[in-house]
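Here, each number is a calculation from the coordinates, and none is a lab measurement. Since the structure is predicted, the reported quantities are computational estimates derived from the model, not experimental observations. Using ideal geometry, Cβ is built from the backbone for each residue, glycine included, and neighbour counts are taken over all protein chains shown.
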């Protein structure tokens, strides 16, 4: 009887261990380029996909301050495997007068479709925003599961 109970415990530990490994966050990096012609992304790591990106909502603060601002954006990435949406809180600032702004922030996954249904994750944003050329080049790095 003890052997049977011990075997049952081992099976439970094995199954729970596999589930914990499957749900463990994995690193992801999303490279985004946005400009007047549209926006594209390439994701590597836990998400291996590429496609287009759309800004669904934006709230800007501290504008028209000449050298800094705050942004709250909702962004949806459309790839071959489906789509996923993130919420981003960003600060951008002019480091050298006349040069592109430095943009940093953090993001959280709001949801997804297709392969990204049930996606969860968080991370950081870093890159540059050029208000004169109307471009944004950022990298979103973090962990998803």
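The figures follow:
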item: For region 24-145, the spread of Cα positions along each principal axis, largest first, Å; result: 42, 28, 22
item: Footprinting exposure proxy for 116, 78 (fewest neighbouring C-beta atoms within 10 Å first); result: 78, 116
item: Cα centroid separation - region 44-65 against region 89-145, whole Å; result: 6
item: Gained length - residue 52 relative to residue 102, 0.36 nm times residue gap less alpha-carbon distance; result: 15.7 nm
item: Linear extension gain, residue 37 paired with residue 128, 0.36 nm per residue minus alpha-carbon span; result: 31.0 nm
item: Gain in span if fully extended, residue 44 to residue 95, counting 0.36 nm per residue against the direct Cα distance; result: 15.4 nm
